[in-house]
Amino acid sequence: MPLNDVAIRAAKPGPKPIKLSDERGLFLLVQPSGGKLWRLKYRIAGKEKKLSLGRYPDVALKEARERGTEARKMIAAGIDPSEKKRIDRLDATLKAATTFKAVADEYIEKCEREGRADVTVGKARWLLSLMEPTLGTRPIDEVSPAELLAALKKVEARGHLETARRMRSFASRVFRYAVATSRAAADPAAALRGALVAPKATHHAAILDAKGVGALLRAIDGYEGQPMTQLALRLAPHVFVRPGELRQAEWSEIDLERGVWKIGAEKMKMRQPHMVPLSRQAIDIFRAAHALTGRHQYVFASLYPGTRPMSENTINAALRRLGYAGDEMTAHGFRAMASTLLNESGKWNPDAIERALAHKAADGVRGAYHRGAHWAERVEMAQWWSDYLDTLRTSKATES
């Protein structure tokens, strides 16, 4: 016998769930707690299943029957209403966070979980902050190439050509992530390749002649700023790692007895662990630093409170204080200095020099081999290079 509103309201809970049948598989389940839930029993593909249709009185008897009718139409068409409901719920969850900023934040968090370098994550957040005013609240699947281009052109118009280019690249990665997670159909940034003014290629300023290197080393010896800054300046020419790798050096990575500095893959640009052989001169500099920061995590710890590495601008600022302009010498320039003079010496295998610089070989197979090769030569080269730097530093007295 079909249900009516009077019977439903009169239904009282018992110690166990009570099932009150209506018609065509529809029934009301009265829970011991007093809740009254609509259910539809049906069969599809030979299996008996149940579909939740809502709670009484939020869903009245008439509406429950209408929902049951719609569900039976789907079943007749071969569609499982329970499965469709699950998929619709999943779609709703995905679409709850569909703004460009929400998806970009999620993408950046994914990068963090994957162990991307802090500097990489920081740059991504910075690029997002530039795009947020114009695109942040826009549904990501509605952003058109023209709309994205307009946002990039605003930055380009201010003369920030490289920043605009990086914004397009970052946006493309976010859109591709949105496509992969079913929140966008395409990547509008891909259509903008070539639409922005290409910035002119620039190189990190560096001193590349022996005489200029000697003058720089003598200037560093006379640096009168913070002791840790001078030690970082003194060490940089000997190890010629990237500035971020230098300032984030940790005492746990340094083995002064064996003369090896082991840098983890998470700190390296190419995501490969890197070993740096240390010359006697480099070891002496590390020992001097240990007297000041040995109790800290970082070799070149910030002065206050000592729990973070020194600022990324510290070495460049020190070079400016020594009188070297930005177009003369940079912290990154120590790498170009070493690469140029080591290659010009003709004493070392170019592959050994490339490995010392932690450059990635274009040939993947060759690169895989050379990761483990040339260590003995690199150890010898590190000592020769430090001795050569000492010669250049003291050469002024012998110049005619």
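The values are calculated or read from the model by the stated rules, or taken from the named source; none is laboratory data. No experiment lies behind these values; they were computed from the predicted model shown. Cβ sites come from the backbone with ideal geometry, for glycine too, and all protein chains shown count toward neighbours.
With the condition kept exactly as written, say whether any residue in the stretch 236-244 is part of a loop (DSSP other than H, G, I, E, B) and aromatic (Phe, Trp, Tyr).
yes
Can you find a residue that is outside any loop (DSSP other than H, G, I, E, B) and among the small types (Gly, Ala, Ser) anywhere in the stretch 178-187?
For the stretch 178-187, residues outside any loop (DSSP other than H, G, I, E, B) and among the small types (Gly, Ala, Ser): present.
Can you pull out every residue in the stretch 320-343 that is in contact with a His (Cβ under 7 Å, 6 or more places away or on another chain) and more than 18 Å from residue 218 (Cα to Cα)?
Within the stretch 320-343, the subset in contact with a His (Cβ under 7 Å, 6 or more places away or on another chain) is 330, 332-333, 336.
Scanning the stretch 320-343 gives 332, 336.
Scan the stretch 201-223 residue by residue and report those that are in contact with a helix residue (DSSP H, G or I) (Cβ under 8 Å, 6 or more places away or on another chain) and part of a loop (DSSP other than H, G, I, E, B).
203, 204, 205, 206, 207, 208, 223
So residue 368 clears everything in (1) at pLDDT below 90; (2) surrounded by 13 or more Cβ atoms within 10 Å (Cβ to Cβ); (3) more than 26 Å from residue 290 (Cα to Cα) except one condition, right? Which one?
(2)
Any residue at all in the stretch 245-252 that's of a type in the set (S, T, N, Q) and surrounded by 21 or more Cβ atoms within 10 Å (Cβ to Cβ)?
Yes: one or more hits.
Specify the residue that is modelled with the lowest pLDDT; the eligible residues are those in the stretch 260-298 that are assigned to a helix (DSSP H, G or I) and under 13 Å from residue 246 (Cβ atoms).
It comes out as 267.
Would you pick out the residues in the stretch 190-236 that are of a type outside the set (A, V, I, L, M) and over 29 Å from residue 254 (Cα atoms)?
193, 194, 199, 200, 202, 203, 209, 211, 212
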